[in-house]
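The values are calculated or read from the model by the stated rules, or taken from the named source; none is laboratory data. All figures in this text were calculated on a predicted structure; none of them were measured in a lab. When we count neighbours, we look across all protein chains shown, and the Cβ atoms used for this are built from the backbone with ideal geometry, even at glycine.
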Amino acid sequence: MNNKNILEFPDGFLWGASTSAHQVEGGNVNNWSQWEKNNANRLASEAKSKYSLHQQNKFPEMFNPENYISGNAVDHYNRYEEDFNIAKSLGHNVHRFSIEWSRIEPEEGKFDEKEIEHYRKVIKALRTRGIEPFITLWHWPLPIWLSEKGGWELDEMPDYFEKYVKKIVESLDDVKFWITINEPQIFSGNSFLIGIWPPQKKSIWSYMKVIKNLILSHKKAYHVIKETLSDAQVGVAIDNIYFEGYGYKILDIFLQKPIDWWWNYYFLNRLSKHQDFIGLNSYFKKKFFLKQAKKVSDLGWGMYNKTLYKTLIGLKKYNLPIYITESGLADADDINREWFIKESLYGVHQSIEEGVDVRGYFYWSLVDNFEWDKGFWPRFGLIEVDYETMERKIRSSAFKYAEVCKTNRLKL
Ligand code: BGC
């Protein structure tokens, strides 16, 4: 079999990176861009209490309100060909991106054909470079008219979503892989329970209602896509966390297991029979009440080598193909990224050997981008962007990842 230091991945394994519309395109007008304008000053003044001294010194832009306005983002809307040329040169054969609902349906029921054409061109640009598109239908922002009506709390929300999805799949009918919703857990929690994202609700009732609507919306979308495109593969991108056990039975039964069930498996259990694959976004390991890792990213998120492996093993029971639709870290100096990618891939390989059907890995993110309520300072990209000139520069870890993409092997 494998030489000890070379790990081969299965034939046809997909290698690439992800982005999302609002974080990279620029020029979006939606409920997020509205919220950013209203909250930029507050977010800038809260930076002092939110981030460590080390972070404050390293990223002084967090004190500037401009940091919190997505604005032109990285102008990917106009520069996608340049970005895809780089992805191709790095050996990527897959790319995940999202469609911006507010562009497609800027007014209720009025679809903008010009914007649909834009995404047709994006898909074509990928295909001509030999890169398979994975489309996320919804990665968080809403058209303003819809958020003003009540957004995800509306009884009619699943119907609105279904109409939008129908229009998209009928228009982009040569796409095979569809992700309906990005991270239902993070979105519902941040927006409706802890209230740090728009619409900043802190209500268990709103939270439960939104979860119900997310599940219904996924199911409706699943049916519409399958009816329209018989070859389509449909999934959701969940954000699973590895909750480490305590080794004390009682703590595990009352703490670790229920949290694990709610956060990691509730959506998947409710969506059974409505998904052809699982999209896994993986960033965290957690052990409550205990100190986090010594090794942390620029965001202060702990980096552990077994996170992805453990999270994948937890999904084995679903017996579905898994695509790792996000895995990455904020690392402006590019010091830990190569290590992080290799450790993650080592875990992916190990899980495949143990029978998990993993079929692809998408690093988050292809380019530096707008990190929601944190703004621009966290740098996740394989490609660094100069926000003044929009110039792109490939980070050295991206070349290391490219060696894996091009050879389908991980050299340790
Ligand atoms: C999201 C991305 C985000 C990334 C890093 C995921 O939760 O899908 O939009 O940029 O994590 O925080």
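The condition of being free of Cβ contacts under 8 Å to residues at least 60 places away in the same chain and out of contact with any strand residue (DSSP E or B) (no Cβ under 6 Å at 6 or more places or on another chain) holds for residue 335.
Scan segment 291-342 for residues that are farther than 29 Å from residue 393 by Cβ, at pLDDT 95 or above and not β-branched (Val, Ile, Thr) and jot them down. Within segment 291-342, 309, 310, 312, 314, 315, 316, 317, 318, 319, 320, 321 qualify.
Residues are listed down the side, and each one gets a yes or a no for (1) under 30 Å from residue 91 (Cα atoms); (2) of a type in the set (A, V, I, L, M, F, W, C):
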| residue | (1), (2) |
| --- | --- |
| 136 | yes, no |
| 139 | yes, no |
| 142 | no, yes |
| 162 | no, no |
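When the residues of segment 60-83 are filtered to those that are in contact with a helix residue (DSSP H, G or I) (Cβ under 8 Å, 6 or more places away or on another chain) and farther than 22 Å from residue 36 by Cα, the one that is surrounded by the fewest Cβ atoms within 10 Å (Cβ to Cβ) is 81.
Rundown of residues vs (1) within 19 Å of residue 170 (Cβ to Cβ); (2) within 16 Å of the ligand (Cβ to nearest atom); (3) crowded, with 21+ Cβ neighbours inside 10 Å, yes/no style:
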{"residue": "89", "(1), (2), (3)": "no, no, no"}
{"residue": "94", "(1), (2), (3)": "no, no, yes"}
{"residue": "101", "(1), (2), (3)": "yes, yes, yes"}
{"residue": "109", "(1), (2), (3)": "yes, no, no"}
{"residue": "117", "(1), (2), (3)": "yes, no, no"}
{"residue": "126", "(1), (2), (3)": "no, no, yes"}
{"residue": "138", "(1), (2), (3)": "yes, yes, yes"}
{"residue": "142", "(1), (2), (3)": "no, yes, yes"}
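If only residues of segment 375-412 that are among the aromatic types (Phe, Trp, Tyr) and farther than 27 Å from residue 346 by Cβ are counted, the one that is farthest from the ligand (Cβ to nearest atom) is 387.
Checking the condition within 11 Å of the ligand (Cβ to nearest atom) and crowded, with 21+ Cβ neighbours inside 10 Å, which residue from 327, 344 passes? The unique qualifying residue is 327. Residue 311 meets each of the listed conditions (1) more than 30 Å from residue 82 (Cα to Cα); (2) over 20 Å from the mean Cα position of the chain (by Cα); (3) part of a helix (DSSP H, G or I) apart from (2). Are any of the residues in segment 84-100 closer than 23 Å to residue 36 by Cβ and either in contact with a Cys (Cβ under 7 Å, 6 or more places away or on another chain) or in a helix (DSSP H, G or I) (or both)? No: segment 84-100 contains no residue that is closer than 23 Å to residue 36 by Cβ and either in contact with a Cys (Cβ under 7 Å, 6 or more places away or on another chain) or in a helix (DSSP H, G or I) (or both).
A quick yes/no check of all residues on (1) closer than 15 Å to residue 73 by Cβ; (2) surrounded by 24 or more Cβ atoms within 10 Å (Cβ to Cβ):
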residue	(1), (2)
310	no, no
314	no, no
317	no, no
333	no, no
349	no, no
354	no, no
363	no, yes
370	yes, yes
380	yes, yes
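Counting only residues that are within 25 Å of residue 402 (Cβ to Cβ) and in contact (Cβ under 8 Å) with a residue 60 or more places away in the chain, segment 47-87 holds 9 of them. Just to be sure, is residue 359 of a type in the set (Lys, Arg) and either farther than 25 Å from residue 21 by Cβ or within 16 Å of the ligand (Cβ to nearest atom) (or both)? For residue 359, the condition - of a type in the set (Lys, Arg) and either farther than 25 Å from residue 21 by Cβ or within 16 Å of the ligand (Cβ to nearest atom) (or both) - is not met. Restricting attention to segment 3-59, the residues that are outside any loop (DSSP other than H, G, I, E, B), of a type in the set (Val, Ile, Thr) and buried (at least 18 other Cβ atoms within 10 Å of the Cβ) total 1. Based on what the data block shows, is residue 372 in contact (Cβ under 8 Å) with a residue 12 or more places away in the chain, within 28 Å of residue 200 (Cβ to Cβ) and within 11 Å of the ligand (Cβ to nearest atom)? Spelling it out, residue 372 is indeed in contact (Cβ under 8 Å) with a residue 12 or more places away in the chain, within 28 Å of residue 200 (Cβ to Cβ) and within 11 Å of the ligand (Cβ to nearest atom). When restricted to residues that are exposed (fewer than 14 other Cβ atoms within 10 Å of the Cβ), polar (S, T, N, Q) and not in a loop (DSSP other than H, G, I, E, B), segment 224-272 contains 1. Checking each residue in segment 188-223 for being under 23 Å from the mean Cα position of the chain (by Cα) and of a type in the set (Val, Ile, Thr) picks out 194, 196, 210, 211, 215. Inspect segment 188-201 for any residue being within 16 Å of the ligand (Cβ to nearest atom), surrounded by fewer than 22 Cβ atoms within 10 Å (Cβ to Cβ), without any contact (Cβ under 8 Å) to a residue 12 or more places away in the chain and more than 14 Å from residue 152 (Cβ to Cβ) and give the result as yes or no. Yes: one or more hits. Listed by first and then second residue, the pairs with beta-carbon distance under 6 Å, at least 6 apart or on different chains, first residue in segment 128-141 and under 15 Å from residue 326 (Cα atoms), second part of a loop (DSSP other than H, G, I, E, B) and within 13 Å of the ligand (Cβ to nearest atom), are 139/20. Only a single item in (1) more than 27 Å from residue 278 (Cβ to Cβ); (2) touching a residue at least 40 places away in the same chain (Cβ under 8 Å); (3) acidic (Asp, Glu) is not met by residue 388, and it is number (2).
Does any residue of segment 184-193 turn out to be part of a loop (DSSP other than H, G, I, E, B) and out of contact with any Ser or Thr (no Cβ under 8 Å at 6 or more places or on another chain)?
No: zero hits.
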